[in-house]
Amino acid sequence: MKIAFVGKGGSGKTTLSSLFIRHLAAVGAPVVAIDADINQHLGAALGLDEAEAAALPSMGERLPLIKEYLRGTNPRIASAETMIKTTPPGEGSRLLRVCEDNPVYDACARPVGLDGGAVRLMVTGSFTDADLGVACYHSKTGAVELCLNHLVDGPGEYVVVDMTAGSDSFASGLFTRFDITFLVAEPTRKGVSVYRQYKEYARDFGVTLKVVGNKVQGPDDLDFLRAEAGEDLLVTVGHSEWVRAMEKGRPPRFDLLEEPNRQALRLLHSAADATYASRDPERYTRQMAHFHLKNARSWGDERTGVDLSAQIDPGFVLGEDVTAPA
């Protein structure tokens, strides 16, 4: 299952995504965790110290390797240089699976040990002054979209992405790459503004969106979120001494997390699993093609010097039964 955590900056989305990743690891589920936020904090939230987090390989810096591997023998893609972040897979493309070893994971993923198991962690890489204001083609977060476009996962397998803050993911089709999106919202006007924006943008794309209320301190906060999010409000999370200790770099054993918060994580897990039955591989593939054409026409064709619409394989559907070259 592909799962996104979104929300405004400071909403607690990284903290909640890290708790969910810890929960999945504790129950023995295979997990690929991806930090797609331009502020790289997921590694620290999963217990890495500053030096360990800084040493994580950057997906953005390894984008040529990612492209070359995923291109495979696809005859529609002349070279890795003509691939952009929305390039879809086709016959001959290599695909990524959660439970496998491959050159992309070798280059970009590192194991992080957690209570009950380990997860693979991938990060876009920290932004530098040279990255500010560049075109989408150069965006480091484009490596995440390209990987998700080529990723095949099944039930009981999880890819958890801590997304960029706010609504930045709408600059491409990245927001449609998930089975479920958890939007973390504080009980404030600013806290729910991103929810309203996300809800509006995602309305026409079949995005499954659920709100997780964070920093909820009482009935008034709960009533506010219910009034703003309605049936989209899945669960709320309150104060946590466990999280306070974790943020100080001294997390207790995960099984000591407060029971109400453990129950909230179980609800997130159940909600994610429930979306499996409504998967639509043909729609998923059509959406890839839609956003690829949009990016090709707006900047990609000019940037690469080729007609990127020709990269779309009209007979290809990305599903669990698709095979790829070795």
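The values are calculated or read from the model by the stated rules, or taken from the named source; none is laboratory data. Computed from a prediction, not measured in an experiment: that's the story for all the values here. A quick note on method: Cβ atoms are made from the backbone with ideal geometry, for glycine too, and the neighbour counts reach across all protein chains shown. When the accessible area is computed, the model is the full protein with side chains, heavy atoms only, and any ligands, DNA or RNA have been set aside. Shrake-Rupley method; radii C 1.70, N 1.55, O 1.52, S 1.80 Å.
Determine the dipole magnitude for the chain: charges of +1 sit on the beta-carbon of Lys and Arg, -1 on that of Asp and Glu, nothing else is charged, the reference point is the Cα centre, and the result goes in debye to the nearest 20.
Details: 35 positive and 44 negative charges, 63 e Å.
For this selection, approximately 300 debye.
Which values, in whole Å and largest first, are the semi-axes of the equivalent ellipsoid of region 1-80 obtained as the square root of 5 times each eigenvalue of the Cα gyration tensor? All intermediate terms of the calculation are to be shown ahead of the outcome.
Details: eigenvalues 161, 52, 37 Å².
For region 1-80, the semi-axes come out at 28, 16, 14 Å.
What relative contact order, as a whole-number percentage, does the chain give when Cα pairs under 8 Å and 6 or more residues apart are counted? Mind dumping the intermediate values first?
Numbers: 584 pairs, mean separation 87.5, N = 326.
So the answer I get is 27 percent.
Report the convex hull volume per residue for region 1-157, counting only C-alpha atoms, in Å³.
115 Å³
Say the dipole of the chain comes from +1 at the beta carbon of Lys and Arg and -1 at that of Asp and Glu; which of Ala118, Val32, Thr176 then lies farthest toward its positive end?
The listed residue farthest towards the positive side: Thr176.
What spacing in nm lies between the two simple spin-label points modelled at Ser240 and Gln197, each 7 Å away from Cα in the Cβ direction?
The modelled label-to-label distance comes out at 2.5 nm.
Exposed loop GluC sites (Glu not before Pro) only (DSSP loop, at most 12 other Cβ atoms within 10 Å): please give the longest stretch of the chain free of them, not including the sites. Mind dumping the intermediate values first?
On the way: sites that count: Glu100, Glu320.
Answer - 101-319.
So what does Thr208 come to for accessible area, using a 1.4 Å probe and Å² rounded to 10?
Counting only protein heavy atoms, Thr208 exposes about 50 Å² to solvent.
If we sort 146-155, 28-37 on the protection proxy, mean other Cβ atoms within 10 Å, highest first, what's the order? Display every interim value, and only then the final one.
Details: 146-155: 20.0, 28-37: 22.7.
Output ranking for 146-155, 28-37: 28-37, 146-155.
Over the alpha-carbon set of region 40-114, divide Rg by the Kirkwood Rh and report the Rg/Rh ratio to two decimals. It would help to have the intermediate numbers written out before the result.
Values: Rg = 14.8 Å, Rh = 14.0 Å.
Reported Rg/Rh (Cα atoms, Kirkwood Rh): 1.06.
Test of understanding: express the Cα radius of gyration of region 284-326 as a ratio to 2.2 N^0.38 Å, with N the residue count. Please report the intermediate quantities before stating the final value.
Working: Rg = 12.3 Å, N = 43, 2.2 N^0.38 = 9.2 Å.
In units of the globular-protein estimate, region 284-326 measures up at 1.33.
Per residue, how big is the convex hull around the C-alpha atoms of the chain? Give it to me in cubic angstrom, could you?
Working: hull volume 41.4 nm³, N = 326.
Measuring per residue, one finds 127 Å³ for the Cα hull of the chain.
Just how many pairs of Lys in region 190-326 have C-alpha atoms closer than 22 Å, counting pairs that are eight or more places apart or on different chains? All intermediate terms of the calculation are to be shown ahead of the outcome.
On the way: Lys190/Lys199; Lys190/Lys210; Lys190/Lys215; Lys199/Lys210; Lys199/Lys215; Lys199/Lys294; Lys215/Lys248.
The result is 7.
Leaving out ligands, DNA and RNA, and with a 1.4 Å probe, what % of the accessible surface on the chain is carbon or sulfur? Mind dumping the intermediate values first?
Working: 7190 of 14360 Å².
The value for the chain is 50 percent carbon and sulfur by accessible area.
Heavy-atom accessible area per residue, region 165-249, 1.4 Å probe: how many Å²? Write down the numbers at each step before the final one.
Working: 4190 Å² over 85 residues.
Dividing the accessible area of region 165-249 by its residue count gives 49 Å².
Could I have the simple spin-label model distance between Arg189 and Ser278, label points 7 Å from Cα toward Cβ, reported in nm to one decimal?
3.2 nm
Which value in deg cm²/dmol, rounded to the nearest 500, describes the helix-derived mean residue ellipticity at 222 nm for the chain, given -39,500 (n - 2.57) per DSSP H run of n ≥ 4 and division by the residue count?
Values: 12 runs with 113 residues, N = 326.
So the calculated ellipticity at 222 nm is -10000 deg cm²/dmol.
I'm a student and want to see the number: the projected area of the Cα convex hull of region 187-326, averaged over all directions, in nm². If you can, show how the numbers build up before the last one.
Working: hull surface 54.7 nm².
If I average the Cα hull's projected area over directions, I get 13.7 nm².
Which of the aspartates and glutamates could a cross-linker bridge to Lys67, judged by Cα under 14 Å and excluding same-chain residues fewer than eight apart?
In chain and number order, the partners are Glu81, Glu145.
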